[in-house]
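> Pasting a structure below so you can have a look.
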Amino acid sequence: MTKGVSVTDQTMSGHDAGITVLVYGKQAEAYAARVREARGDLRVYAASTPSEAEPWIDEAEVLFAWRFPVELFDRARRLRWIQSMGAGVEDLVEAHVPASVRITRVVDQFGPPIAEYVFAELLARVRRLDHARALQRAHRWAPFYPGSLAGQTLGVAGLGSIGQEIVRKARAFDMRVWGLSRTAGHAGEVDRHFGPDAWVEFASAVDVLVLALPLTPSTRHVVDARVLGAMSAESLLVNVGRGALVREADLIEALSRGHPGGAILDVFETEPLPPESPLWDMPGVTITPHISGPSRTEPVVAWFLANLERFLAGRALLGEVDRARGY
Ligand code: OXD
């Protein structure tokens with residue numbers, strides 16, 4: 001058997017429910033072990049690389065995966081359902097997956113950690129924590145006036161479960177909260193709402209612009225030179241959505257002109273961010289390696305198992321992706 005690939009004992013003894021699940025991702029074995037513990041009746045394979053996945057893809061009916069090698073979909077003849085281990089599904093929506101295959105994503109789990117990331121970074125900036133630590137290291141007692149988030153305008157682009165949690169936490173810091181989204185569904189939760197045709201007006205008036213949007217054909221590169229150029233020299237761009245929401249070349253240019261004044265970036269057009277990217281060394285830019293909202297084994301497996309029950313019972317699935325909408 002290929003390294004990293006295993007089958008339940010029950011399956012090997014011929015006692016299975018006929019459903020074959022392929023678990024794919026860096027932590028596939030840990031996820032698969034939890035699925036097997038809960039559902040000994042399934043045939044569960046785990047793979048962490050394309051070559052480990054290859055022997056099982058013909059057989060898989062259900063795929064529980066993160067960043068699956070899309071070129072293998074051509075061979076996935078029995079596939080009926082893909083459960084993504086994360087929130088973003090742009091790779092699956094863009095891949096050649098037959099329309100009969102259902103795609104689901106995890107929702108409602110990433111808002112709290114991503115909102116914590118946003119406010120950890122914002123508070124560190126306004127309270128000048130780097131400066132305070134530098135003074136301590138130098139044994140210098142030099143009081144200074146920190147800034148405050150209170151009274152600043154936070155603009156949240158994307159008012160899904162992640163954006164809504166950022167809005168909720170912003171209120172605790174007495175910020176004014178504006179939002180931009182495709183539909184007016186959550187307009188009531190923000191002090192002022194903008195539609196997707198009002199990016200420039202929105203970006204020009206906020207102190208902090210947070211991107212919490214899914215990547216779809218209509219959001220790819222939506223933050224371009226025009227939008228960035230409208231941002232003030234004091235403003236900050238925070239991207240916790242997807243790198244390609246922003247035209248990165250335009251961002252580099254805009255930052256070097258000082259509009260916006262800085263950026264907190266957790267996601268990039270190319271990940272890992274290449275060592276030669278100018279972004280690493282630009283003043284006012286904070287780079288983190290896509291860590292704001294990690295998928296955690298227990299809650300993600302619980303989501304999958306709840307959806308599996310629904311799938312087997314022919315019921316509606318949680319987090320079902322509308323392919324035309326893109327998420
Ligand atoms: C996700 C992510 O989409 O981790 O879940 O970026």
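Values quoted throughout were computed directly from the atomic coordinates according to the rules given, and no laboratory measurement underlies them. Computed from a predicted model, the values in this text were never measured in an experiment. Cβ coordinates were reconstructed from backbone atoms using ideal geometry, including for glycine residues, and neighbour counts include every protein chain displayed.
> State yes or no: is G314 at positive phi, loosely packed, with under 15 Cβ neighbours inside 10 Å and either hydroxyl-bearing (S, T, Y) or out of contact with any helix residue (DSSP H, G or I) (no Cβ under 8 Å at 6 or more places or on another chain) (or both)?
Yes; evaluated as a whole, the condition is true for this residue.
> Under 6 Å between Cβ atoms, which residue pairs at least 6 apart in sequence (or on different chains) link something in the stretch 284-307 that is under 15 Å from I114 (Cα atoms) and in a loop (DSSP other than H, G, I, E, B) with a partner that is of a type in the set (A, V, I, L, M) and within 16 Å of the ligand (Cβ to nearest atom)?
H290/V267; S292/I114; S292/V240; G293/I114; S295/M85
> Of all residues in the stretch 21-62 being basic (K, R) and in a loop (DSSP other than H, G, I, E, B), which is nearest to M85 (Cα to Cα)?
It comes out as K26.
> If you don't mind, there's one more thing I want to ask. Does the stretch 146-169 include one or more residues that are free of Cβ contacts under 8 Å to residues at least 12 places away in the same chain and of a type outside the set (A, V, I, L, M, F, W, C)?
Within the stretch 146-169 (the criterion being free of Cβ contacts under 8 Å to residues at least 12 places away in the same chain and of a type outside the set (A, V, I, L, M, F, W, C)), the answer is no, since none of the residues qualifies.
> If you go through the stretch 240-298, how many residues are on the phi > 0 side of the Ramachandran plot and either within 16 Å of the ligand (Cβ to nearest atom) or among the acidic types (D, E) (or both)?
Residues flagged as on the phi > 0 side of the Ramachandran plot and either within 16 Å of the ligand (Cβ to nearest atom) or among the acidic types (D, E) (or both) within the stretch 240-298 amount to 1.
> Something else about it: What number of residues in the stretch 86-105 are within 15 Å of the ligand (Cβ to nearest atom), part of a loop (DSSP other than H, G, I, E, B) and crowded, with 18+ Cβ neighbours inside 10 Å?
Residues meeting the conditions: 4.
> Filter the stretch 64-85 down to residues that are of a type in the set (A, V, I, L, M) and not in a loop (DSSP other than H, G, I, E, B) and give me whichever is farthest from the ligand (Cβ to nearest atom).
Going through the qualifying residues, I end up with L72.
> Wholly within the stretch 192-264, which strands (runs of 3 or more DSSP E) include no fewer than the required count, namely at least 2 residues that are hydroxyl-bearing (S, T, Y) and loosely packed, with under 15 Cβ neighbours inside 10 Å?
Because the criterion is at least 2 residues that are hydroxyl-bearing (S, T, Y) and loosely packed, with under 15 Cβ neighbours inside 10 Å, no strands (runs of 3 or more DSSP E) in the stretch 192-264 meet it.
> Does the stretch 287-306 hold any residues that are surrounded by fewer than 16 Cβ atoms within 10 Å (Cβ to Cβ) and of a type in the set (S, T, N, Q), and which are they?
Correct list: T288, T297.
> Going by what's in this entry, would V118 be described as within 13 Å of the ligand (Cβ to nearest atom) and in contact (Cβ under 8 Å) with a residue 24 or more places away in the chain?
Spelling it out, it is not the case that V118 is within 13 Å of the ligand (Cβ to nearest atom) and in contact (Cβ under 8 Å) with a residue 24 or more places away in the chain.
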